[in-house]
1. Which of the residues spanning segment 135-146 are surrounded by fewer than 20 Cβ atoms within 10 Å (Cβ to Cβ) and either at pLDDT 95 or above or not in a helix (DSSP H, G or I) (or both)?
2. How about segment 44-83: which of its residues are over 20 Å from ILE34 (Cβ atoms) and more than 21 Å from the chain's Cα centre (by Cα)?
3. Residue under question is ILE156, and the condition is that it be of a type in the set (A, V, I, L, M), within 15 Å of ILE105 (Cα to Cα) and either modelled with pLDDT under 90 or not in a helix (DSSP H, G or I) (or both); does it hold?
4. Identify all residues within segment 164-186 that are at negative phi, touching a Ser or Thr at 6+ places or on another chain (Cβ under 9 Å) and of a type outside the set (D, E, K, R); write none if there are none.
5. Just checking, does segment 9-21 include any residue being out of contact with any strand residue (DSSP E or B) (no Cβ under 9 Å at 6 or more places or on another chain), among the polar types (S, T, N, Q), at pLDDT 90 or above and not in a strand (DSSP E or B)?
6. Restricting to segment 87-97, and then to whatever is in a loop (DSSP other than H, G, I, E, B) and either touching a helix residue (DSSP H, G or I) at 6+ places or on another chain (Cβ under 7 Å) or closer than 12 Å to ASN42 by Cα (or both), can you tell me which residue is modelled with the highest pLDDT?
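The values are calculated or read from the model by the stated rules, or taken from the named source; none is laboratory data. Fair warning: this is a prediction, and the values are worked out from it, not measured in the lab. Please note: Cβ atoms are built from the backbone with ideal geometry, for glycine as well, and neighbour counts cover all protein chains shown.
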Amino acid sequence: MISLEAKKRKIQGKQTKNLKRAGTVPAILYGPEIENISIEVNAKDFRKVLKEAGENTMIGLKIEGAAKKEYAVLIKSVANDPILSEPIHVDFYQPNLSKELEADIPLEFVGIAPALQLGGTLIKNVQSLTVKSLPQNLPHSIKIDVGSLKTFEDVILAKDLSLPENVKIVGNIEEVVAQVMEPEKVEEELAKPVEEGVDSIEKVEKKKEEEPEEDAK
């Protein structure tokens, strides 16, 4: 398990800007079985851990001076500076390790689809899948070998994916994850979302006009 060092944080509110200038990121640790703990982590160390673990792999959070030396946590959310794209606040979540939870796992496409030699285009219909498992069993990513796509008729379904033991897909297992399409069909598929998107926007706008405005609080 990847580890990350942290310290208890006494600085709160706007004063946390001083932490950022010192290369430290303010954060909070919370969970169903612990009280919230305000902490701070080294920005450089955190970026490295985030790159390796992502937001769905358990890491060991070691808090200096805490009664419990290490917490098994997930990086629940990261707030980034809109201009510098640097982390400015992090939420660490300690789940109940005996209860399953759902998480979106990114898909990693590997290999080369032989059908590309027929002039087709590789279509990745899904970029992530929602799975359910114990927190410690959540995979960092799910690899998909597109080498099985030899013709335009071949498809890779969600149920075809190789998942770690005790990890289950949530949702439609018959969903098409990837396929190689003929050029003509690719153009047809690309045209559909534009039309559907405009229609949905018009419906939303119409709904907003019909709904009465809420009283200002």
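1. Residues satisfying the conditions are PRO139, HIS140, SER141, LYS143, ASP145.
2. Hit for segment 44-83 is ILE83, nothing else.
3. Details: of a type in the set (A, V, I, L, M): yes; within 15 Å of ILE105 (Cα to Cα): no; either modelled with pLDDT under 90 or not in a helix (DSSP H, G or I) (or both): yes.
No: the conditions fail for ILE156.
4. Answer for segment 164-186, where residues must be at negative phi, touching a Ser or Thr at 6+ places or on another chain (Cβ under 9 Å) and of a type outside the set (D, E, K, R): PRO164, VAL167, ILE169, VAL170, VAL180, MET181, PRO183, VAL186.
5. no
6. Kept after step one, since they are in a loop (DSSP other than H, G, I, E, B), are these residues of segment 87-97: 94-97.
With the extra rule that they be either touching a helix residue (DSSP H, G or I) at 6+ places or on another chain (Cβ under 7 Å) or closer than 12 Å to ASN42 by Cα (or both), the set shrinks to 95, 97.
Values: PRO95: 94, LEU97: 90.
Out of the qualifying residues, it is PRO95.
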